[in-house]
Amino acid sequence: MRALVKKERSPGLWLEEVPRPVPGEFDVLIRVLRASICGTDVHIYEWDAWAQKTIPTPMVIGHEFVGVIEAVGRFVHDFQPGMIVTGEGHVVCGRCRNCLAGRRHLCNQTSGVGVNRPGAFAEYLTIPETNVWLADPKIPLEILSCFDPLGNAVHTALSFDVLGEDVLITGAGPIGLMAVPIVRHAGARYVVITDVNPYRLELARKLGVTVALDARTGSLHEVMSRLGMKEGFDVGLEMSGDAGALNGMLAVMCHGGKLALLGIQSKKAAIDWDLVVFNGLTIKGIYGREMYETWYKMTALIQSGLDIAPVITHHFPFDAYEEAFELMRSGQSGKIILHWEDGPLPPGAAGLKSE
Ligand code: NAD
Ligand code: ZN
């Protein structure tokens, strides 16, 4: 089969012919239909310090996907060939304290699809049965292929009650953008998002944000006074991984405010702990998605009208991956979908914007 492989320990990806994976007795073999590009894939492509210490080579990468079941292992009873499925990219140990307690997102020995084990940028993928999520086939494939990052957004956005609250999101990358309609759907009053990228701020406006603020030039205090907010934001969702954004957020939270941190700080971020202590802030770190409560919630949210379609801006056939990765790196995109199935791309696709 064909797959995108990190073949050498240097920047780039290689489209290679590799053996089709053989499912084990408890595994499911999935024929990949769509896969989307994540920031993690870009780190692996660029071969940054994190990728160098994390990724064994050769490695088929990619972990955001939707596909159709091709075959199942001997002991798999809940899934059959032909089912449309997506899947959780964190494979957990099942035996640690948290796994045994049903808190699998807190497993201390997680391995990652497309990171430490073969991934989804391939014609076929095999994952354990316990990682397969049966999709509602009424949900469009391109949305299902984004369930992994949508799960990050849902997990973060629903960490604290947002009904009737004012929410600040820092970072309008694909996940920050998805968080906008989620907190709207969940009943937030004002949703303010910041970024330093005008293209992404414009996408945030399409997704119904109250204010999309350019952090380079705008002031959150000014936004607050314009909106008539007196005491600060009730809930903060940090989705940029930027230390300046995190510190800016801490400074505009109301007393007793709650912060969920998804962004991975590229440098060790220093913060003003006085703001946390004297303002009584609660900070929660978010990793991955809750298995499988987040998956249940995101399915139900989409079924009840949550629309993340504007976050998906481009489609490419998988063999145009170089162009797709360059576009992703440029920041002039939302989510980018790679098509792995044979046959035509949807109208307006093949690297063109999906409007
Ligand atoms: P992304 O890199 O596409 O988005 C980050 C956005 O933050 C970009 O649009 C960037 O322009 C913006 N930004 C940079 N500096 C800023 C500033 N000073 N103020 C406001 N915005 C600023 O990433 P993504 O895929 O949307 O993911 C969001 C974050 O979550 C990333 O840090 C990513 O590494 C992290 N992440 C964490 C998990 C987890 O499990 N914890 C999972 C996936 C992604
Ligand atoms: Zn575990």
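The values are calculated or read from the model by the stated rules, or taken from the named source; none is laboratory data. Computed from a prediction, not measured in an experiment: that's the story for all the values here. Here the Cβ positions follow ideal geometry from the backbone for every residue, glycine too, while neighbour counts run over all protein chains shown. The area values use the complete protein model at the heavy-atom level, side chains included, leaving out ligands, DNA and RNA. Shrake-Rupley method; radii C 1.70, N 1.55, O 1.52, S 1.80 Å.
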Positions within region 193-238 being open to solvent by 50 Å² or more (accessible area, probe 1.4 Å), in a helix (DSSP H, G or I) and away from ligand 1 (no atom under 13 Å from the Cβ), in sequence order = R205, K206, H221, E222, S225, R226
Restricting attention to region 90-108, which residues are within 15 Å of ligand 1 (Cβ to nearest atom), in a helix (DSSP H, G or I) and in contact with a His (Cβ under 9 Å, 6 or more places away or on another chain)?
-> R104, H105
For region 239-270, enumerate the residues that are within 7 Å of ligand 1 (Cβ to nearest atom), touching a residue at least 24 places away in the same chain (Cβ under 8 Å) and within 19 Å of D48 (Cα to Cα).
-> S240, G241, D242, G263
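Quick test for you: out of T126, T130, pick the one residue that is closer than 18 Å to A35 by Cβ, hydroxyl-bearing (S, T, Y) and away from ligand 1 (no atom under 16 Å from the Cβ). Break it down stepwise before answering.
Values: T130 fails: closer than 18 Å to A35 by Cβ.
Within the list T126, T130, the selection yields T126.
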Among the numbered conditions (1) closer than 30 Å to D234 by Cβ; (2) more than 16 Å from ligand 1 (Cβ to nearest atom); (3) open to solvent by less than 10 Å² (accessible area, probe 1.4 Å), tell me where T156 comes up short.
-> (2)
Given the conditions (1) within 27 Å of D242 (Cβ to Cβ); (2) surrounded by 12 or more Cβ atoms within 10 Å (Cβ to Cβ), which single one is not true for Y292?
-> (1)
Within region 87-95, is even one residue open to solvent by 60 Å² or more (accessible area, probe 1.4 Å), within 16 Å of ligand 2 (Cβ to nearest atom), at pLDDT 95 or above and not polar (S, T, N, Q)?
-> yes
When region 266-300 is checked residue by residue, the ones that are under 26 Å from the mean Cα position of the chain (by Cα) and part of a helix (DSSP H, G or I) are E293, T294, W295, Y296, K297, M298, T299, A300
Quick one: which residue in I175, I143, I182 is open to solvent by 20 Å² or more (accessible area, probe 1.4 Å), among the aliphatic types (A, V, I, L, M) and under 15 Å from the mean Cα position of the chain (by Cα)?
-> I175
Could you identify the single residue in G305, G263 that is in a loop (DSSP other than H, G, I, E, B), open to solvent by 40 Å² or more (accessible area, probe 1.4 Å) and not β-branched (V, I, T)?
-> G305
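Give the residue, chosen from I44, I37, I30, that is in contact (Cβ under 8 Å) with a residue 12 or more places away in the chain and more than 16 Å from ligand 1 (Cβ to nearest atom).
Values: I44 fails: more than 16 Å from ligand 1 (Cβ to nearest atom); I37 fails: more than 16 Å from ligand 1 (Cβ to nearest atom).
The match here is I30.
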Consider only pairs whose beta carbons are under 6 Å apart and that are at least six residues apart or on different chains; among these, list those whose first residue lies in region 102-124 and is within 16 Å of L29 (Cβ to Cβ) and whose second residue is within 16 Å of ligand 2 (Cβ to nearest atom) and of a type in the set (S, T, N, Q).
-> R117/S111
Examine region 276-284 for a residue that is within 29 Å of A49 (Cβ to Cβ) and either within 16 Å of ligand 2 (Cβ to nearest atom) or among the charged types (D, E, K, R) (or both), and state whether such a residue exists.
-> yes
If we ask which residues in region 30-73 are aliphatic (A, V, I, L, M), part of a strand (DSSP E or B), open to solvent by 10 Å² or more (accessible area, probe 1.4 Å) and in contact with a Phe, Trp or Tyr (Cβ under 9 Å, 6 or more places away or on another chain), their number turns out to be 3
